[in-house]
Amino acid sequence: MKRAALTLVLVALSGCASWEAIGPDNASLEEKGYRITLPTGWVRVMYETKEVILTRDGVMLEQIALSSVPHAKAFPRLKKPAGDKLLPSELAELQIAETKRGSQVESNLEVIENGPAQLGGKTGFRVRLRFVTPKGIPFEQLLYGVCDEKNYYLLGLQAAGFYYFDANREDFDRMVATFRFAPA
């Protein structure tokens, strides 16, 4: 009960966003180009972006993000496109550079893991990052990325490293395993 109340307060403080609790009846999500099963017990925070944002205890503590963008818009800070002809390692390096470019913590962003991964039956990448915020809070990120013929898909878990990353990792891993490309 306390967790639900805290989530509602944090969501209310997050600005102009609506939210929807994820339960068995609305866990399946089908967007343009993909299908996925969202973790129940989480909250979908709907901002004015096309990105899917989920949280359990508040977006400042942990969040799962899922996005699908055309190749040309994949890395806006770098002004570089993605593409299905790129190797997974090239796509991963672009994502790491994009993350560094948009971060206040680029000087201490540490790559813990960088390798290939299967996502929806296609080979993409899996990158695990660690950083410390200016206020001294350790965070971890786990990112999966892959391209199809038209879009770049990015799934990520970002959470405070002292508890929330490990506590939410299993839900994220289960969600990633359900990712499928939708038939054209």
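Read the figures in this text as sums done on the coordinates, not as results from a lab. Computed from a predicted model, the values in this text were never measured in an experiment. Counting neighbours? That spans all protein chains shown, and the Cβs are built from the backbone with ideal geometry, glycine included.
Worth a mention:
- Failed item, numbered, when THR99 is tested on (1) outside any helix (DSSP H, G or I); (2) out of contact with any Ser or Thr (no Cβ under 7 Å at 6 or more places or on another chain); (3) under 23 Å from LEU129 (Cβ atoms): (1)
- Any chance LEU157 is part of a strand (DSSP E or B), hydrophobic (A, V, I, L, M, F, W, C), within 22 Å of HIS71 (Cα to Cα) and out of contact with any Phe, Trp or Tyr (no Cβ under 6 Å at 6 or more places or on another chain): no
- Selection status of GLY102, within 30 Å of GLY41 (Cβ to Cβ) and either in contact (Cβ under 8 Å) with a residue 60 or more places away in the chain or of a type in the set (Gly, Ala, Ser) (or both): yes
- Note on the range 119-130: among residues that are part of a strand (DSSP E or B) and within 16 Å of the chain's Cα centre (by Cα), the one that is farthest from PRO183 (Cα to Cα) is ARG130.
- Number of the exception - GLN104 against (1) part of a loop (DSSP other than H, G, I, E, B); (2) surrounded by 14 or more Cβ atoms within 10 Å (Cβ to Cβ): (2)
- Of the criteria (1) touching a residue at least 24 places away in the same chain (Cβ under 8 Å); (2) under 23 Å from GLU31 (Cβ atoms), which one THR133 fails: (2)
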